[in-house]
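The values are calculated or read from the model by the stated rules, or taken from the named source; none is laboratory data. The model shown is predicted, which means the values in this text are computed figures rather than measured ones. When we count neighbours, we look across all protein chains shown, and the Cβ atoms used for this are built from the backbone with ideal geometry, even at glycine.
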Amino acid sequence: MKKFCMVLLILACLIAFLFVCGTIDKETETKMKSVSVYDEKTVAVTFDDGPGAESTMMLLDGLKERNVRAAFFLVGENIKGHEDIVKRMHDEGHIIGNHTYTHVILTKIPQEKALEEIYNTNKIIEEITGEKVKYIRPPCGEWNNDMFFQVDLQPVFWNVDPLDWKRKDVGGIVEDVVKNVRSGDIILLHDIYDTSVAAALEIIDRLKDKGFVFVTVDEILIS
């Protein structure tokens, strides 16, 4: 009798264990599906080398109409005379990052000069926005991790690059991005070319039609 009761007890514990595991698995599966659905619909768009004049303003108008926030990585020497554009970027919720002062490849110059390029650009941006610069996009993606600890800036790279700066073909740029973009990608474009701006706005429209949600790079990096 005692053995029979013991067997029943073991069976009861086993059934309870399987029930709990099944419940946990379902909850976990639901959470994973929720994350997956969100991730496959998100993308961030970024712009280098600005600010320009008319092209950047046209881009900002288009982003505002579409309720999309982007990231702009600015070249310090290009900001002079365009401070109002930088202020507008900030006021409209876009991320403003550092792209060095003269668009120099940081790993090919002495570190002292590289730090000067970064600090000078930070100073100009911060004087306009009143906020600390948090992100840097090193030209050509060339970055020395030793610099990270000295400048306290998060480097932001990219997954999709249609080479819009040299193609100047709106249709080709659009198709390249739409065909290759994936969940959580960061798109690299440039706001100083009219063709790039036209392509960027069409890319946004096309990807929205495909169900993508545009987020800022900080949201992509956190995820």
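Key figures
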| quantity | calculated |
| --- | --- |
| Test: residue in region 87-98 that is at pLDDT 95 or above, surrounded by fewer than 17 Cβ atoms within 10 Å (Cβ to Cβ) and assigned to a loop (DSSP other than H, G, I, E, B) | yes |
| Residue list for region 164-214, filter: hydroxyl-bearing (Ser, Thr, Tyr) and within 24 Å of residue 89 (Cα to Cα) | 193, 195, 196 |
| Candidate set: region 33-66, residues that are more than 26 Å from residue 193 (Cβ to Cβ) and of a type in the set (D, E, K, R); chosen: the one modelled with the lowest pLDDT | 33 |
| Sole residue being buried (at least 21 other Cβ atoms within 10 Å of the Cβ) and under 20 Å from the mean Cα position of the chain (by Cα), chosen from 163, 153, 188 | 188 |
| Criterion (touching a Pro at 6+ places or on another chain (Cβ under 7 Å), surrounded by 15 or more Cβ atoms within 10 Å (Cβ to Cβ) and closer than 15 Å to residue 96 by Cβ) met by exactly one of 118, 128, 136, 173 | 136 |
| Residue match in region 214-221 (condition: out of contact with any Asp or Glu (no Cβ under 8 Å at 6 or more places or on another chain), farther than 20 Å from residue 66 by Cβ and either of a type outside the set (D, E, K, R) or at pLDDT 95 or above (or both)) | yes |
| Qualifying residue in region 111-126 (condition: in a loop (DSSP other than H, G, I, E, B) and on the phi < 0 side of the Ramachandran plot) | no |
| Failed item in (1) within 16 Å of the chain's Cα centre (by Cα); (2) closer than 23 Å to residue 135 by Cα, with residue 207 passing the rest | (2) |
| Residues (within 19 Å of residue 99 (Cα to Cα), surrounded by fewer than 21 Cβ atoms within 10 Å (Cβ to Cβ) and touching a strand residue (DSSP E or B) at 6+ places or on another chain (Cβ under 8 Å)) located in region 191-219 | 216, 218 |
